[in-house]
Amino acid sequence: MPSLPIFSTKFTAKASLIALVLTSTSQALAAPSQDQWQAYNQAAINQLVVPGYQQLTQALEASQTQVNALCEASKLTKSQKLAKLEAAQVAYQTAMNQWQAIQHIQYGPVTLLMRNYGLHYWPDKRGTGASQLRSALLLDDAVYDDDFFQSSSISLKGFPAMEKLLFDADALENLQPNTASCRFLMGVNHYMVKVAKEIEQDWILQAERQLNPGSNPYYDTPAEAAIPLMKSLAEPLQVIMDYKLDYPLGSSFEKARWTRSESWRSNQSIHNINTNLEALHQLYSGLKPVSVHSLLLEAGEKNLANTIETSFKTLNQQFQKIPEVNQKDLTASTDQQLRQLRPHIEELQKNLQLAMAALEIHLGFNSRDGD
């Protein structure tokens, strides 16, 4: 029978080993440190948010150049006029794509004075924008300047109004120099550039607040400052499901109404969704040196981290394969493809919610619920 000292030595060694394993496990499953959240916030704001708004401003300025060229040119042949219209349409689509790439950031300067809705009032379930646009174009000697749009309805200020004018069946005829349609189009594009520049400028102060928690009344810690970014990652998938898929598709192909989709006139509704997903993917794993993906790995959530990463990649690949709908002509095949992808978006949303719990981020009230 072993002596007591030998037994005590073995017991002590075993106990020490267990303690070491427990300590290591505890450390592996620990929530991110404040330093890690600070690094993530810096990466997200400096690599994604601020550049995103800068690119939006640049795209709207490029659109303004093409719109002005379209509306100020006179004595053109029909083919020359058509070429200028097409150039303005492409510039609009590029600007809309830049908006889709930053649309998920729904806090801070973009929400001040409802700028987000002013840039893009959608869904417009009652067709308010179309009726108000018709009325605005009938105003005698109207001056569609920044003051006009400053006091106008949000449905007149942004992308939907531009789309209605640029992609109307009679756009080539209506968008002639000095017409109300052209003066309005130039005015709304100019106003959107102004708003985008204001958002971009205001992000200097927003970034200072978010990256210096504890020195202002807005955020106490880096983890708290990360919450709006985490909401920007987790919440937009609900918008995609509710409004970009369910709303136009309805309960069946027979009840689908593609004219309810986000950008049906400019033929980029499906492309919008893919751009949204690419932007969320970037916010999830595309940042350096710290990303949500890397934070999950360090928290011991390898399976969850990689499952989310795979979901993003798969969804992007699948949406890229779906042909864009031409105006109202939704086919049964495209309808089926979109419906089949919805459950995968819902699964991704649930996994992102699990990720928030694993990282000990409490999102709280969802501002998108009930929109």
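Over the chain, with a Gaussian network built from C-alpha contacts below 10 Å, which listed residue (GLN349, GLN98, GLN318) shows the highest mean-square fluctuation? Ranking GLN349, GLN98, GLN318 by mean-square fluctuation puts GLN318 first. Peptides 201-210, 304-313, 53-62 ranked from most to least packed give 53-62, 304-313, 201-210, packing being the mean of other C-beta atoms within 10 angstrom over each peptide's residues. Ranked by the mean number of other Cβ atoms within 10 Å per residue, highest first, peptides 228-235, 136-143 order as 228-235, 136-143. Calculated mean residue ellipticity, 222 nm, the chain: -20500 deg cm²/dmol, from DSSP H runs (n ≥ 4) at -39500 (n - 2.57) each, averaged per residue and rounded to 500. Converting the Cα gyration tensor eigenvalues of region 229-280 into ellipsoid dimensions via √(5λ) gives semi-axes, longest first, of 22, 13, 7 Å.
Given region 33-215, what whole percent of its Cα pairs are spread farther than 20 Å?
Values: 9312 of 16653 pairs.
When every Cα pair of region 33-215 is considered, 56 percent fall beyond 20 Å.
With a cut-off of 14 Å between beta carbons, the residues surrounding GLU346 carry a summed charge of 0, where Lys and Arg count +1 and Asp and Glu -1.
Throughout, read-outs are computed from the coordinates displayed, never taken from laboratory work. What you see is a predicted model, and the numbers here were worked out from it, not measured in a lab. Counting neighbours? That spans all protein chains shown, and the Cβs are built from the backbone with ideal geometry, glycine included.
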